[in-house]
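> Structure below; questions to follow.
The values are calculated or read from the model by the stated rules, or taken from the named source; none is laboratory data. Remember, predicted model here, so these are calculated numbers, not experimental data. For neighbour counting, all protein chains shown are included, and Cβ atoms are generated from backbone atoms with ideal geometry for every residue, glycine included. SASA here: full protein model, heavy atoms, side chains in, ligands and nucleic acids out. Shrake-Rupley method; radii C 1.70, N 1.55, O 1.52, S 1.80 Å.
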Amino acid sequence: MNLESLKIFFTNIFSFDELHPLLFTQFNFWAFFALVFALFTCFHSKRLLRNAFLFFISIFFYYKTSGLFVLILIFDTFFNYALGAFMDNSQRTGAKKFHLIVGIIVNLLILCYFKYAYFFTDSYNAIVGTNYEVINWLAQWTNDLSGTSYFDASKILLPVGISFYTFQNISYLVDVYRKKIHHVSNILDFGFYVSFFPQLVAGPIIRADQFVPQLYKKFFLSRRQFGIAVFWILNGLAKKLIMSDYLAVNFVDRVFFDPTLYTAFENLSALFIYSLQVYADFSGYTDIAIGVAMLMGFYLPVNFNSPYKADSPSNFWKRWHISLSKWLQDYLYIPLGGNRNATFGTYFCILLIAAVIVLLTRSLVIASILAGIAIVLLVISLASKKARLKISTNINMMDTMLLGGLWHGASWNFMIWGGLNGIGILGFKIWRHFRQGLRSIITGLIFAAFVVCHHFFPMPILMIGAVWSGVFFFGTLVRAIYSAICPQRDIRWLNTAWNVFMTFIFISFTRLFFRSGSNLDPAIANETAWNTARNMVNSIGGRWNVAVIPEILQSYWQVFALFGIGMLIHWLPDRWKRWYRINFAMLPIWVIAIIVVVSIFVLYQFVTADLQPFIYFQF
């Protein structure tokens, strides 16, 4: 190899290529990790050297994934490290609170600039009637200072994983302020916590109080833990390549690209199949991240617990993206007042969102509905202290879900998605206190209301509501009749299955707004997302041609078969999954090696021609 060839080789290694990022599903990542792990074994027993090595490797990994956006990560690292030290060393409570507020504001401002500039600008233009355009001032100032036009100042790009490491930094500052942990005294240790590469770009969100203590522990990896780590990696790759990517490329992406080209059955199927796709994609990433981290002696939190086994919307959010749900609970819901009381933030958030909705829609109907709800809640709150506490708790929860939805993406579709999940959680909290007979009456009235409304206002959304509420009413009525006839013979498994089925349908329908807002240019996200959601609703709630369903099933039989297999595996009892995971881990090393080789060969057959990034990279 001559000098020029070596130069090209090292240039390719140490330069950023957006067409070949370091993704878990790409060969170049595993070549990178093999080298990292080989070097890691040389000094894994030297704690400071180990952490420093992994910090610099993580910075390099992020550079290879995101280019010059690595400078934001480096700034965040030094800024939050210094702020944590100031807070921990300060003797005055006021000074600590000041540093905490400054830290939260700066972290959120950076996040908002890169992630929400288009969203806020579009909303402001729509309300005021202006025509402002987004300018990347950082790029413009850099070009002015350097006297070049290297950076494109006409648009703002979203750094990969900025939401995740921003939340990690905030959790660190809050935990130091609350004295749950001491500040990390070494910048190399802290940098490693912020940038640990397996989970850096798509989570799980690692809380400071959970991960910082691991910085000081000696490396340990037992024979069984090694096997578990390999299992998680293979499991995650199978979820991503065999299930998620195949379902996306061969069905889901096609339908969502233009719902008007597909039948009502295909649109509805795409919603349900997308639920499995997004689970396989995101949980696949976290499975791989957990396995890779475990090989280096670090433990990431469990992020998924069979979420489609959930028997209610609230239970779903205890199983889905657990690290985010816990973060929102501890750092947003509880500071807002939690289940204890309402704060200024409680009413400020909900009133601000309501005001913006009214101003954007300019709808007297929506304004009247929101005002009516506010008046009813106010009257109830004044009449009963107990009711006031419940209302405060529910508003705090709704604020959390709305802002959690907005965290996922900079479009109103994500906030609608969060709001619908909030309504589902509130509805279940009220629903579970009703007796069977009352449930039948309520669902019957809701069904009748949808039918009557659709008769006078034949809108697709009302048809969807009529069908879904009709199914809900039928199931509730059957259960009420059975309970009245056989009060001593409660078929618990059937009741659970029905609740799981209805929860899955509800969650899948909310994903209409989630998926339609995903993978979009922020400059056009709001309009494009809304049009996609509207077209899909019009298709599903429109006229059905049942005669073409057998033909569709035959044409996409592989997709529907894979969907069925995936759901069956998902619904397997936890003890079964634990059994085959542990038994895999205890196999002889040579058997595990053979399984790995065979698995790689099988996985390679499912690799698509186009790069399929992980869905949560955009968040």
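> Restricting region 433-448 to residues that are open to solvent by 50 Å² or more (accessible area, probe 1.4 Å) and assigned to a helix (DSSP H, G or I), which is farthest from Phe474 (Cα to Cα)?
Selected residue: Leu438.
> Considering (1) at pLDDT below 85; (2) under 30 Å from Tyr216 (Cβ atoms), say which one Ile156 fails and leave the rest.
The one condition Ile156 does not meet is (2).
> Can you find even one residue in region 221-237 that is assigned to a loop (DSSP other than H, G, I, E, B), closer than 21 Å to Ile288 by Cα and touching a residue at least 40 places away in the same chain (Cβ under 8 Å)?
The initial filter retains those residues of region 221-237 that are assigned to a loop (DSSP other than H, G, I, E, B), namely 221-222.
The next check asks that each one be closer than 21 Å to Ile288 by Cα; those that pass are 221-222.
Subset that is touching a residue at least 40 places away in the same chain (Cβ under 8 Å): 221.
Scanning region 221-237, I find at least one residue that is assigned to a loop (DSSP other than H, G, I, E, B), closer than 21 Å to Ile288 by Cα and touching a residue at least 40 places away in the same chain (Cβ under 8 Å), so the answer is yes.
> Please pick out the residue among Phe501, Phe513, Phe506 that is in a helix (DSSP H, G or I), within 16 Å of Gly424 (Cβ to Cβ), open to solvent by 60 Å² or more (accessible area, probe 1.4 Å) and out of contact with any strand residue (DSSP E or B) (no Cβ under 6 Å at 6 or more places or on another chain).
It is Phe501.
> Which members of region 116-126 meet the condition of being open to solvent by 50 Å² or more (accessible area, probe 1.4 Å) and either among the polar types (S, T, N, Q) or touching a helix residue (DSSP H, G or I) at 6+ places or on another chain (Cβ under 9 Å) (or both)?
Within region 116-126, Phe120, Asp122 meet the criteria.
> Counting just the residues of region 45-59 that are open to solvent by less than 60 Å² (accessible area, probe 1.4 Å) and of a type in the set (Phe, Trp, Tyr), which one comes out nearest to the chain's Cα centre (by Cα)? Give the derivation first.
Initially, region 45-59 is screened for residues open to solvent by less than 60 Å² (accessible area, probe 1.4 Å), giving 50-55, 57-59.
Applying the additional criterion that residues be of a type in the set (Phe, Trp, Tyr) yields 53, 55.
Numbers: Phe53: 30, Phe55: 25 Å.
So, considering only residues that are open to solvent by less than 60 Å² (accessible area, probe 1.4 Å) and of a type in the set (Phe, Trp, Tyr), the one nearest to the chain's Cα centre (by Cα) is Phe55.
> Shifting gears a bit: When both residues are 6+ apart or on different chains and their Cβ atoms are under 7 Å apart, which pairs have a first residue that lies in region 544-557 and is farther than 18 Å from Ile464 by Cβ, and a second that is outside any helix (DSSP H, G or I) and open to solvent by less than 90 Å² (accessible area, probe 1.4 Å)?
Final answer for the pair search is Val548/Thr263; Ile552/Thr263.
> Let me ask something else about it. For region 450-461, indicate whether the set of residues that are under 31 Å from the mean Cα position of the chain (by Cα), over 16 Å from Arg432 (Cα atoms) and open to solvent by less than 60 Å² (accessible area, probe 1.4 Å) is non-empty.
Within region 450-461, one or more residues are under 31 Å from the mean Cα position of the chain (by Cα), over 16 Å from Arg432 (Cα atoms) and open to solvent by less than 60 Å² (accessible area, probe 1.4 Å).
> Can I ask one more? In region 257-286, which residues are aromatic (Phe, Trp, Tyr), open to solvent by 10 Å² or more (accessible area, probe 1.4 Å) and in a helix (DSSP H, G or I)?
Phe257, Phe265, Phe272, Tyr279
> In addition: Picking from Ser123, Ser154, Ser149, Ser171, which residue would you name as being under 29 Å from the mean Cα position of the chain (by Cα), among the polar types (S, T, N, Q) and in a loop (DSSP other than H, G, I, E, B)?
After applying the criteria, what remains is Ser154.
> Would you mind stating whether Phe197 is buried (at least 22 other Cβ atoms within 10 Å of the Cβ), under 19 Å from Leu300 (Cβ atoms), touching a Leu at 6+ places or on another chain (Cβ under 6 Å) and touching a residue at least 12 places away in the same chain (Cβ under 8 Å)? Lay out the reasoning, then the answer.
Values: buried (at least 22 other Cβ atoms within 10 Å of the Cβ): yes; under 19 Å from Leu300 (Cβ atoms): yes; touching a Leu at 6+ places or on another chain (Cβ under 6 Å): no; touching a residue at least 12 places away in the same chain (Cβ under 8 Å): yes.
The answer is no for Phe197.
> In addition: Considering only region 118-155, state which residues are within 17 Å of Thr528 (Cβ to Cβ) and not aromatic (Phe, Trp, Tyr).
Matches in region 118-155: Thr121, Asp122, Ser123, Asn125, Ala126, Val134, Lys155.
> Give region 537-562 a look and list any residue that's buried (at least 18 other Cβ atoms within 10 Å of the Cβ) and of a type in the set (Gly, Ala, Ser), or say none.
Answer for region 537-562, where residues must be buried (at least 18 other Cβ atoms within 10 Å of the Cβ) and of a type in the set (Gly, Ala, Ser): Ser539, Gly541.
> Among the residues of region 382-415, how many are assigned to a helix (DSSP H, G or I) and either touching a strand residue (DSSP E or B) at 6+ places or on another chain (Cβ under 7 Å) or under 22 Å from Tyr331 (Cα atoms) (or both)?
So the count comes out to 22.
> Scan region 127-146 for residues that are open to solvent by 60 Å² or more (accessible area, probe 1.4 Å), within 28 Å of Leu359 (Cβ to Cβ) and in a helix (DSSP H, G or I) and jot them down.
Scanning region 127-146 gives Val128, Trp137.
> Look through region 72-94, keep the residues that are more than 25 Å from the chain's Cα centre (by Cα) and within 29 Å of Cys42 (Cα to Cα), and return whichever of them is least open to solvent (accessible area, probe 1.4 Å).
Taking the candidates together, the pick is Tyr81.
> Now, a different point. Scan region 153-170 and give yes if some residue there is free of Cβ contacts under 8 Å to residues at least 40 places away in the same chain, surrounded by 15 or more Cβ atoms within 10 Å (Cβ to Cβ) and more than 25 Å from Leu403 (Cα to Cα), otherwise no.
yes
> Restricting to region 318-363, name every residue that is in a loop (DSSP other than H, G, I, E, B) and open to solvent by 40 Å² or more (accessible area, probe 1.4 Å).
Within region 318-363, Lys318, Arg319, Asn339, Arg340, Asn341, Thr343, Arg362 meet the criteria.
> Modelled with pLDDT under 85, of a type outside the set (A, V, I, L, M) and in a loop (DSSP other than H, G, I, E, B), is that true of Pro458?
no
> Considering Ala289, Ala229, Ala238, which residue is within 21 Å of Phe584 (Cα to Cα), open to solvent by 30 Å² or more (accessible area, probe 1.4 Å) and small (Gly, Ala, Ser)?
Ala238
> Does region 60-69 hold any residues that are farther than 10 Å from Gly161 by Cβ and surrounded by 20 or more Cβ atoms within 10 Å (Cβ to Cβ), and which are they?
Phe61, Lys64
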